[in-house]
Structures are given as C-alpha cells and as structure tokens.
Amino acid sequence: MSVGFLGIQFGFALQNANTSRIFQTLGADIDSIPILWIAAPVTGLIVQPIIGYYSDKTWGRFGRRRPYFLVGAILASIALIFMPHSPVLWMAAGMLWIMDASINVSMEPFRAFVGDMLPDEQRTLGFSMQSFFIGIGAVIASFLPYVLTNWFGVANVAPEGEIPDSVKWSYYLGAFAFISAVSFTVFKTKEYPPEKLAEYSEGSTNEVSNDEEDFIANPARKKTIVGLIAVTIGAIVNTFLYLDDIAQKEVFILGYGLIVFGAVELLAAWFQNKENYNGLVSIITDLNLMPKTMRQLAWVQFFSWFALFSMWIYATPAITLHVFGASDVTTQAYNDGADWVSNAFAVYNGAAALFAFFLIFMAKKTNRKFTHILSLIVGGISFISIFFIQDKWTLLIPFVGIGLTWASILAMPYAILTGSLPSNKFGTYMGIFNFFIVIPQILAASILGFVINHFFQDQAIYALLIGGVAFLIAALLVIPVTDTVSKG
C-alpha cells in the first residue's frame, strides 16, 4: 500500500535537492531563488483540495484513490524528464510548477488512502510505514548525482547555462522509479468499496454521490474549478515575467488573459447557481467547520513547513558558500558542494526511514504529542547548529537530527488528525489540511529573499537559522493539540 510513496519521493527529493542548483545554473540571483519556488506551493494550494474532493466522490473499476495515483505519476514522470532540459530560467520555473502539480495529484490521495484502509489504532503504523518508504526513495534519489559522478564518471560540471549530465541522468532515473513504484501500488492493492467503508465507519455515510449533486455534473462547480485554475496559472505566468526577455509582451498578454478568463468563469458560476451554489462554497464550508484538532494542528504545520521550505530553498546556496566557499556555479568547488548537499539530504531521509520505526515504539510508550514535540525540538537545534559547522563530514550530523523531525512530520500530525475526521471526507479534509503546508511555503518564498538580501547581505545560511526558530515555535504549539487517541 505504501510502496508508491517511494516513487513519489523520488520526485520530491530530486526537486528539493536540485531545483535551486538548476535555478542558479540558469542565472538566478540568491534573492530571486525563493520567488522562483513559489509555483510549487501555489499549485498545492489549488490542486490538493480539488483532488481530495474528487477522490472522495470517485468510485469505478480502478477504485477510489488509485486512478489519481496513476495519472499523477505519468504526468510527473514526463515533467521530471523535461525539467533538466530547460534552456532558460522562466521555463525551469514553469516546469517546476507542472512537476509539483502532478506530484500533488498522486500524493494527496495517498494520505487519504491510509485513512480509508486502516482503523485508528493502526494509523500511526500506516503513516510511519509511509515515512519509511519516503525515506528510502529520498535516500536513493538524493545520492544519485554524487553516485553518478563518483562511481560512474558522469560529469557534474557543464558549460555556463547548462545543467550537468549527472543531474539530467538523475532525473531520468527518477522518472522511471516514480512510475514503476506507483504502478506497483495501483495494480497490487485493492480498495474497500464505499458500502464497506460505511460499515467500518459506524454508520457514517461514505456513498460517492448520493448525498449531494455530483461534483463533475454540477456546471457551477465545473466553472469554479476552471476559473480557479485559470487565475492561478495566469498569476504564476506573470510572476515570472521579469525572468527572461524573450516574448515578454506575449507572455504578459497570456498571463492576464488567463486571469480575466478565470474571473469570468467564477462570475458565471455564481450567477448560474447563486441560490444553491456548491462550487467553492462547499470547500470553504468544510474549512470553516474543520474539527478542533485540525485547527490546532494547522499552526503546528504552518511553522514546521516554513522551516522545511527554508532548507529546501537555501540549503544549496548556504552550504556551497558556508562550507565549500564557492558561489560560482561553473566551478568544481560549487558543484562538489551541491553534490554534498544532495548527500546531506540523503542522510536526513535515510535517518527518517530508520526513525519511522522508532517513532512507532516511542508513541506507544509515551504518546503521539510528546513524540512530535521532541522531534520538532531536535529539528530546531539541528538547523541552528549548521550555522556553526564548516566541515563537510561534521555537517552530516545535524542532518541525522533533521531526519527524526522529517519522519515525525510525515506521520504524527496525520495520525493525530485522522482520528478527528469524518471518514467520508478524508480526501477533502486532507486536501484542506494541505493549506497549512503550502501557505507557509508561499510566505517563505515571498519574504525570505527580501529578508536575506536586506538584513543578512545575501548570506543564505541565515535562512536556516530562521527555520530552526520556526521548528521550536512549532514544538510549543503541539502542547495544546487535542489527540482523541493519545497512544500510538
């Protein structure tokens, strides 16, 4: 059931470890890197609630969640192949958007899948098993550039403006792993039909479309989704106008044309069904009525993912300069440092895979809240300690601590959350819960470049200090969280 996450994490690990490297190679400045990342969380903000809602209402010959796994995997694998061939910066940013949207299509239903298939007392184990496969996939993916260079002689340096072959081949292998692992889960698992889920949920309604008008068939809802997607794409396109001089006028017209078209669709949806409007309102209603535990965990997720995103954006420029003393992307020192960042990411993901089993034991001996608090504190200390390290081997030690934090973030909040959710809306609420993952990422992408540029003279290492403080704040916010089943 969880093998597919191994493939999904190939995509995310390659993205997290190499995207800033690709952006810098194509000419991005330190203070512009965060805004280039903004496409990823924005797409998650839109895609995940929609996919969650659709997957709650889907049932057919291929099941409920599995069709989304497969479609997302196909699209993400194609994007992985094309990403390292981006000739200019704005195209790389666009490919990041497509890749992240596709990964989200696969990932969000996987979270709900565990909620569907396991009773509450097994969900800590289920989400921890996901953490294990996430860790294994990320370890292999993160090591790929280093392994290809040092074991197989693939070049990790390229002419100015070109992506090294070691990165290209890593993405090719990642695409193959992604589609293979997700296909394994799709074809080797079976889902409980809606009537069985209703039985297991002690009378809650899990019927696909009997309690409300079908989402796809409702014209107002269709226009709502089309409008939201058009506005989002238009906003992303115009965000990247300044990145390249090629056809800026045409791109400008396209971006604002999409925004206007999306606005017209949203207005048409309102007037078409304004007395019984079931488009965006249904999602907002679910957001307003979300359980107390979900509201409490939202703040924990906010600060946790702000910290994580600061690392994903700034680890490469921070470590290549702070530890390897290099900022020129055409030098051997910079590319060796970038490879070492991938190794450090492999260490924290490998540690996460091992800690996934430790977390199960710890949650049983204490409780899920204490386990998550301790893990977040370790993450905060680990982030802050990087500031004081200038040896590449010593640098790997805090990344072991980050692995504990990562394993807990992937398991404990979801194990706590699912016990408070109605089973017939797992997908919808998991999608809404993603708001509190992507909003801090959007905030980090929007402000970190300004902060690092104006207050820290483009010293990217300070972004990791800020992330460490965010982890410590998240640990404090776990204390008031209500866990309906305290033991793991």
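Using the Karplus relation 6.51 cos²θ - 1.76 cosθ + 1.60 with θ = phi - 60°, the per-residue 3J(HN,Hα) values for the range 135-146 come to x, 4, x, 5, 4, 4, 5, 5, 6, 3, x, 5 Hz, with x marking Gly and Pro.
Go through 161-170, 387-396 and give me the packing order, highest mean Cβ count within 10 Å leading. Mind dumping the intermediate values first?
Details: 161-170: 21.2, 387-396: 13.6.
Most protected by this proxy first, the peptides run 161-170, 387-396.
Rank by packing, highest mean first: peptides 308-319, 178-189, with packing defined as the count of other Cβ atoms within 10 Å averaged across residues.
Details: 308-319: 26.3, 178-189: 19.2.
Result, highest mean Cβ count within 10 Å first: 308-319, 178-189.
Which order do peptides 406-413, 140-147, 468-475 fall in by mean Cβ count within 10 Å, highest first?
Working: 406-413: 27.6, 140-147: 24.8, 468-475: 21.5.
Per-residue mean Cβ counts within 10 Å order the peptides as 406-413, 140-147, 468-475.
Taking other C-beta atoms within 10 Å as the exposure proxy, Asp100, Asp336 rank Asp336, Asp100 from fewest upward. Each of Asp328, Asp483, Asp116 has some number of other Cβ atoms within 10 Å of its Cβ, and from fewest to most they run Asp328, Asp483, Asp116.
Pop out the ³J(HN,Hα) list for the range 111-121 in order, Karplus 6.51 cos²θ - 1.76 cosθ + 1.60 with θ = phi - 60°, rounded to Hz; leave Gly and Pro as x. The phi angles translate into 4, 5, 4, 5, x, 5, 8, 10, x, 4, 5 Hz. Counting neighbouring beta carbons within 10 Å and listing from fewest to most, the residues His454, His322, His372, His85 come out as His454, His85, His322, His372. Distance from the Cα centre of the range 144-159 to that of the range 437-479, in angstrom? Here the two parts' Cα centres lie 32 Å apart.
Taken together, the values in this text are just the output of simple stated rules run on the coordinates, not laboratory data. Keep in mind it's a predicted model, so treat the numbers as computed, not measured. A quick note on method: Cβ atoms are made from the backbone with ideal geometry, for glycine too, and the neighbour counts reach across all protein chains shown.
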